[in-house]
Amino acid sequence: MKKMLYIMMITFVFISSPHFTEAKSMKEPVVLDSDEWTLTLDNAEIDDENMTKGNEKADVYSLKIANKDGNKYNVTVHTFRKEPGKSYDFGMSVNDTDGEDVMLANKEVINFKNFPVFKEAKEFEVFIMWQEEESGRFFKQDFTVPVQ
């Protein structure tokens, strides 16, 4: 009887414990293009066992932002998602670029190898701002990225 109770308790613990997910596996990457940028959402690039693989609240992807044409100066990248029940957007990543003295040469890529996305998010926004001359006018590009 004690043995049976012990087996049932162990089974219950395994069944009811939080389930951690692996990095989300995508069949096809999401690729969005503009005249200036190519944005790619794809499978996470887990290079190191210390990198997160996701959890019960978030899946992990890679996010690549490629400069398609010319040098860009003071580049900033920010990511946002809708917060359920809120009238504002939620900033997604503390790893966004700072923008100060960030210069991207032609065809250079910003790569977020391990980019967490809230599981309930159906899409998120990527906001890119840059200058084409170091002290010139600012430009911006917005992408709405669907999550599969």
Listed by first then second residue, the pairs whose first member lies in the range 29-51 and is part of a loop (DSSP other than H, G, I, E, B), whose partner is of a type in the set (Val, Ile, Thr) and at pLDDT 95 or above, with beta carbons under 7 Å and at least 6 positions apart or on separate chains, are Pro29/Thr40
Lone qualifier among Val145, Val102, Val94 - being modelled with pLDDT of 90 or more and either assigned to a loop (DSSP other than H, G, I, E, B) or among the β-branched types (Val, Ile, Thr) (or both): Val145
Tell me, which residue of the range 29-75 that is modelled with pLDDT of 90 or more and among the basic types (Lys, Arg) is farthest from Val117 (Cα to Cα)? Lys72
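The values are calculated or read from the model by the stated rules, or taken from the named source; none is laboratory data. Every value quoted in this text rests on a predicted model; they were computed, and no experiment measured them. Cβ sites come from the backbone with ideal geometry, for glycine too, and all protein chains shown count toward neighbours.
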